[in-house]
Amino acid sequence: MRRPVGIFDSGVGGTSIWKEIRKKLPFEDTVYLADSKNAPYGTKPESEILRLSIKNTELLLAQGCKLIVVACNTATTNAITHLRENYDVPFIGIEPAIKPAALHTKTKKVGVLATKGTLASSLFGNTSKLHAEGITVMEQEGSGLVELIEAGKAQSEETETLLKTYLEPMLAANMDSLVLGCTHYPYLIPSLKKILPLEIQIIDSGEAVARQTEAILKQYNLLATSTVEKGKSIFYSNTGTDVLQSFVKDYKALVEYLDF
Ligand code: DGL
C-alpha cells in the first residue's frame, strides 16, 4: 500500500524542509499541513505547542502517513519526546544546527536566530551545552519574522530593517556563523545575504533532515516501492491557499484549504 510521508509546521516555513525531502526522495507521496491559523507557535506556552502538535499528528495519521516530519524547530523542541512516546510511527524532528556551527566557527562566536519557544526549551538548552563547549552561543529571538513571512513579506524592507536590529549586535560581537533555528528563516536568506558580510556562514538543518528521513525510511523498510512516477504532493492550509501556493509554485503540487 502507498502511504505518504506527513510533514507539519506552524505555517509555510516547513516547505523549506519539504523541498529538501522532495529533492532527496522524489518518489515519496507527501502530505503537508500548514497550521497558519495558529502561527506563530514560538510565542505560545509549551502546553499549547504540544496540543497543536498532537492535533497535527493525529490528522496526518488519519491520512495514513507512515512517518512524520516535524518541520518546525519550536514543535520539535517542545513536543517530539511526547509524540515519540505516544504514537506508533517514526518521527523526524529539526533542531538548530549548533553542532555544525560549533565545528565551523573560527571566532568561537556563533549566533542563533530562533523563536522564543525554541530558545526556552530544555532540548535546545541541552543540545547547546553538549555541542558548544568553549564557544559563545548568542541567542536571538526572531520576534515578528514568522508573521512577516506568513504574510508573504519575506523579501521586504520591513523584514530587512527588523533583521538588521537582530544581527547587528551579533556582528559587533564577532560572530562568524549564523544558525537559522526556525524553518521559516531559510526564506530570509536573500535578505540575510544583503546584510551579512560574505565570510559569515549561514547554517540551516534542512538537508540533514532530508538525509535522516531517508535513513529512517530505509531502516523501517518504508521507502516508496515505485520509482517510475514522482510522488504526489498535497499541501493543506487552514487559512488561505495563496501564500502557501506561492512557496511551492515551482512544483506540481496540490494546495488546498482544510479546516483543522
Ligand atoms: N517554523 C517554525 C519553527 O521552525 C516557526 C515557529 C513559529 O510558528 O513561531 O520554529
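Any idea which of (1) within 19 Å of GLU199 (Cα to Cα); (2) within 15 Å of the ligand (Cβ to nearest atom); (3) not aliphatic (A, V, I, L, M) is the one LYS108 doesn't satisfy?
With (1) within 19 Å of GLU199 (Cα to Cα); (2) within 15 Å of the ligand (Cβ to nearest atom); (3) not aliphatic (A, V, I, L, M) applied to LYS108, the lone miss is (2).
For (1) surrounded by 14 or more Cβ atoms within 10 Å (Cβ to Cβ); (2) more than 16 Å from the ligand (Cβ to nearest atom), each residue gets a yes or a no:
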site: ASN73; (1), (2): yes, no
site: ASN86; (1), (2): no, yes
site: GLY93; (1), (2): yes, no
site: ALA97; (1), (2): yes, no
site: LEU130; (1), (2): no, yes
site: ALA154; (1), (2): yes, no
site: GLU160; (1), (2): yes, yes
site: LYS164; (1), (2): no, yes
site: ALA172; (1), (2): no, yes
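Across region 47-66, what is the number of residues that are out of contact with any Leu (no Cβ under 6 Å at 6 or more places or on another chain) and either under 11 Å from GLY6 (Cα atoms) or near the ligand (Cβ under 8 Å from one of its atoms) (or both)?
8
Return yes when TYR32 is within 9 Å of the ligand (Cβ to nearest atom) and open to solvent by less than 10 Å² (accessible area, probe 1.4 Å) and no when it is not.
On the way: within 9 Å of the ligand (Cβ to nearest atom): no; open to solvent by less than 10 Å² (accessible area, probe 1.4 Å): yes.
Here the answer is no, as TYR32 does not meet what is asked.
Which residue, of GLY181, GLY144, is touching a residue at least 40 places away in the same chain (Cβ under 8 Å), within 15 Å of the ligand (Cβ to nearest atom), of a type outside the set (Val, Ile, Thr) and closer than 30 Å to ASP242 by Cα? Before the answer, list the steps.
Values: GLY144 fails: touching a residue at least 40 places away in the same chain (Cβ under 8 Å).
Answer to the check: GLY181.
Hey, among LYS44, LYS37, which residue is under 21 Å from LEU113 (Cβ atoms), within 12 Å of the ligand (Cβ to nearest atom) and open to solvent by 50 Å² or more (accessible area, probe 1.4 Å)?
Just one listed residue meets the conditions, LYS44.
Can you confirm whether region 147-159 contains a residue that is part of a helix (DSSP H, G or I), among the β-branched types (Val, Ile, Thr) and closer than 24 Å to ALA71 by Cα?
Applying the first criterion (part of a helix (DSSP H, G or I)) to region 147-159 yields 147-150, 157-159.
Imposing the further condition that a residue be among the β-branched types (Val, Ile, Thr) reduces the set to 149, 159.
Next, only the ones that are closer than 24 Å to ALA71 by Cα stay: 149, 159.
Taking every residue of region 147-159 in turn, at least one turns out to be part of a helix (DSSP H, G or I), among the β-branched types (Val, Ile, Thr) and closer than 24 Å to ALA71 by Cα.
Please go through (1) open to solvent by 20 Å² or more (accessible area, probe 1.4 Å); (2) modelled with pLDDT of 95 or more for MET1 and return the number of the only condition it doesn't satisfy.
For MET1, the exception is condition (2).
Given the criteria touching a Pro at 6+ places or on another chain (Cβ under 7 Å), in a strand (DSSP E or B) and under 29 Å from THR161 (Cβ atoms), does VAL112 qualify?
Working: touching a Pro at 6+ places or on another chain (Cβ under 7 Å): yes; in a strand (DSSP E or B): yes; under 29 Å from THR161 (Cβ atoms): yes.
So VAL112 fits the description; yes.
Just for region 193-205: of the residues that are within 16 Å of the ligand (Cβ to nearest atom) and modelled with pLDDT of 95 or more, which one is most open to solvent (accessible area, probe 1.4 Å)? Give the steps one after another, and end with the answer.
Within region 193-205, the first condition is being within 16 Å of the ligand (Cβ to nearest atom), and the residues that meet it are 202-205.
Still in the running and modelled with pLDDT of 95 or more: 202-203.
Working: ILE202: 44, ILE203: 15 Å².
Within region 193-205, the match that is most open to solvent (accessible area, probe 1.4 Å) is ILE202.
The values are calculated or read from the model by the stated rules, or taken from the named source; none is laboratory data. Bear in mind the structure is a predicted one, so any value in this text is a computation, not a measurement. A quick note on method: Cβ atoms are made from the backbone with ideal geometry, for glycine too, and the neighbour counts reach across all protein chains shown. Heads up: the accessible areas ignore ligands, DNA and RNA and are worked out on the full protein's heavy atoms, side chains in. Shrake-Rupley method; radii C 1.70, N 1.55, O 1.52, S 1.80 Å.
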